[in-house]
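The next block holds one structure in the form of structure tokens; read it before the comments.
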Amino acid sequence: MSAHSAADRETRKRNPEATRRVILEAAAELIAEQGAAALTHRAVAARAGVALGSTTRYFESIDDLRGAALRMLGDEVDAYLARMEEDLAICEDLAECLAASMYGFFADARQVHAMMALVTAAASDPSLRSLAVRWTDRLTDLLAAHVGRERAVVAEVYLDGAVMHAALHDEPLTRQAVTRALRAIFAMPETGGR
């Protein structure tokens, strides 16, 4: 994204929304790579291939830019969950299908690091919390329709841990290991608690 042609820059001059989008995409990439706290106007401008002043023209502060980029990353997570929901609706083996879908997520370093950036930003900024819990709440609701609420919560917590594992290790958990863990979770007795 950092190499932009003169034609790209000329198009953005005539299309302010395109410039705003390029800035947002650059900010989202930087957050996924370095975390939300590392975001600066200078780094975003360099990544986007725009003048430094463009970042403040479209976003009043670095906090506004950070929030918009985190929302963009949250929208990507929502899109991933929508595809997962479609896949699970036609699946015969929930543990296998969910493990396959999640393994694709774990293997995508950008997705994993974007998710971790959302979580860490939300942990220190309560105004961002709703962005981070969109994943947990939606995944729990999606799974609850198949296995009940208690099992869904346990599966979601396990998968959160697997995302963290993928962020910290060179290789994610294997698809087979995730499938076995999910089968065990889905087979656990319901106690009526959370």
- Rounded to the nearest 10 degrees, the helix 94-106 long axis (Cα) sits at an angle to the longest Cα principal axis of the chain of 30
- Task: Name all residues of the range 49-86 having a backbone nitrogen under 18 Å from the label point set 7 Å from the Cα of residue 146 along its Cα→Cβ direction, giving them as ranges.
- Result: 78-86
- Item | Dipole magnitude of the chain about its Cα centre (Cβ charges: Lys, Arg +1; Asp, Glu -1), debye to nearest 20 | 640
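Note the full-extension length gain between residue 183 and residue 72 as 0.36 nm times their separation in residues minus their Cα-Cα distance, in nm to one decimal. Intermediate results must be reported in sequence, preceding the final value.
Values: separation 111, 0.36 × 111 = 39.96 nm, distance 3.28 nm.
Gain in length upon complete extension: 36.7 nm.
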- Note on the structure: The helix 16-34 Cα axis meets the longest alpha-carbon principal axis of the chain at an angle in degrees, between 0 and 90 and rounded to 10, of 50
- Task: Report the residues of the range 67-83 in range of a label on residue 56: point 7 Å along Cα→C-beta, backbone N strictly under 20 Å from it.
- Result: 67-69
- Query: Over the chain, what relative contact order in percent results from Cα pairs under 8 Å that are six or more residues apart?
  - Reply: 20
- Task: Go through the range 6-108 and name the GluC sites (Glu not before Pro) that are in a DSSP coil and have 14 or fewer other Cβ atoms within 10 Å of their Cβ.
- Result: 60, 92
- Task: With only alpha-carbon atoms counted, please give the Rg and Dmax of the chain, in Å.
- Result: 19.1, 63
- Message: Per 0.36 nm of contour for each residue apart, how much would the distance between residue 43 and residue 25 grow if the chain were fully extended, relative to their Cα-Cα spacing?
- Response: 5.2 nm
- Note on the structure: Rounded to the nearest 10 degrees, the helix 149-168 long axis (Cα) sits at an angle to the longest Cα principal axis of the chain of 50
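Each value in this text was obtained by applying a stated rule to the coordinates, not by laboratory testing. Since the model is a prediction, treat every value here as computed from it, not as a measurement. So basically every Cβ, Gly included, is an ideal-geometry build from the backbone, and we count neighbours across all protein chains shown.
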